[in-house]
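Throughout, read-outs are computed from the coordinates displayed, never taken from laboratory work. Here the structure is a predicted model, which means the values were calculated and not measured. Note: ideal-geometry Cβ built from the backbone for every residue, glycine included; neighbour counts use all protein chains shown.
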Amino acid sequence: MKIFDSHAHIYDKCFTSDFTEMLENAYNADVHAIMIVGTDISSSKKAVNIAKSYKNLFASIGFHPHDAKNCSDKNIKILKKLAENSCVKAWGEIGLDFNRMFSSVVIQEKWFEKQIQAAKELDLPVIFHERDSKGRFLEILNLYKNEKIKGVIHCFSGSGNELLKYLDMGYFIGITGILTLKQRGQSLRELVKMIPDKKILIETDAPYLAPSPYKNKTRRNEPAFVRSVLIKLSQIKKQEPEKLGKIIWNNTCSLFNI
């Protein structure tokens with residue numbers, strides 16, 4: 001079985017002491033590819049440097065909405081230069097997050113749209129982030145509905161209505177370990193039944209969002225644990241993990257042009 005962790009932050013300092021072992025654990029769990037996702041200039045550079053050094057590791061560059069206050073036209077140019085590396089396969093994660101408000105609404109929206117334009121110029125798919133935007137995220141996506149921008153809604157946790165709108169726009173849906181959690185994942189387990197197999201990606205968001213049964217054993221999520229997401233998803237979809245895993249592997253490679 002070949003599994004693709006489509007979203008991880010393995011440059012995080014919590015992986016420094018056992019980075020090689022972490023990758024070996026992933027491989028032993030059938031995780032044969034990882035998308036390393038940047039959230040600002042520093043992490044994007046780290047993602048690229050790691051991806052350049054390992055086979056089947058890839059990088060995404062961008063400014064997370066939390067870090068939008070640090071974005072600038074100069075930094076967009078730096079990211080575009082990074083994108084010249086062949087390991088860079090996506091732009092993101094970018095979007096809106098009105099939960100913690102580390103960056104103002106005006107700043108988030110400005111750099112969200114500018115980054116969409118940058119990704120479009122480079123013909124890169126987009127990794128989208130949305131949290132508590134009260135419909136504003138969808139309003140902005142609607143502005144680009146006819147421009148055929150490829151992308152994935154990272155860590156989907158929205159409503160059924162939002163899900164249908166994302167699918168109508170052609171986006172893939174990223175499913176995390178939340179799916180495996182008894183209470184927090186209850187709604188998501190119902191909604192994934194609505195997602196066509198050909199539009200699903202799975203991800204860890206490592207080192208965050210550890211799935212069951214690891215959540216009670218460790219606070220750190222890692223790529224190996226994405227296997228639990230696939231197993232739970234296959235149970236809900238009533239499919240063999242190997243069959244569904246192959247479909248999702250192909251989905252991920254198709255989105256990221258790998």
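Amide H to amide H, with H built 1.01 Å from N, Ile258 comes under 5 Å of no residue 5 or more places away or on another chain.
Nothing charged except the Cβ atoms of Lys and Arg (+1) and of Asp and Glu (-1): what's the magnitude of the dipole of the chain about its Cα centre? Round to the nearest 20 debye. Result for the chain is approximately 220 debye, rounded to the nearest 20. Restricting region 178-230 to trypsin sites (Lys or Arg not before Pro) that sit in a DSSP loop and have at most 12 other Cβ atoms within 10 Å of their own Cβ leaves Lys182, Lys217, Arg219. The distance between label points at Lys120 and Arg184 comes to 3.5 nm (points 7 Å beyond Cα on the Cα→Cβ vector).
Once the C-beta distance of Glu113 and Asn85 is scaled by a Förster radius of 30 Å, the resulting FRET efficiency is 0.75 to the nearest 0.05. Look at the dipole of the chain built from charges on Cβ: of Ser133, Leu188, Val105, the Cα furthest out on the positive end belongs to Leu188. Percent of Cα pairs in the chain per distance bin of 5 Å, from zero to the largest separation: 1, 6, 14, 19, 21, 18, 13, 6, 1, 0.
Hey, can you list the DSSP H helices of the chain whose Cα span along the axis is 15 Å or longer and whose average Kyte-Doolittle score is at least -0.5?
41-53, 105-122, 226-237, 241-255
Taking label positions 7 Å along the Cα-Cβ direction at both Arg220 and Ile236, the computed distance is 2.8 nm, reported to one decimal.
In this structure, the amide hydrogen of His7, modeled 1.01 Å from its nitrogen in the peptide plane, lies closer than 5 angstrom to those of Met35, Thr204, Asp205, counting only residues at least 5 positions away or on a different chain. Putting +1 on Lys and Arg Cβ atoms and -1 on Asp and Glu Cβ atoms, find which of Ile10, Ala59, Asn25 reaches farthest to the positive end of the dipole of region 10-85. It is Ala59. 3J(HN,Hα) along region 176-181, derived from phi through the Karplus expression 6.51 cos²θ - 1.76 cosθ + 1.60 where θ = phi - 60°, amounts to 9, x, 3, 4, 8, 7 Hz, with x in place of Gly and Pro. Across region 175-202, the residues whose backbone nitrogen lies under 20 Å from the label position 7 Å along the beta-carbon direction of Lys246 are 196-202.
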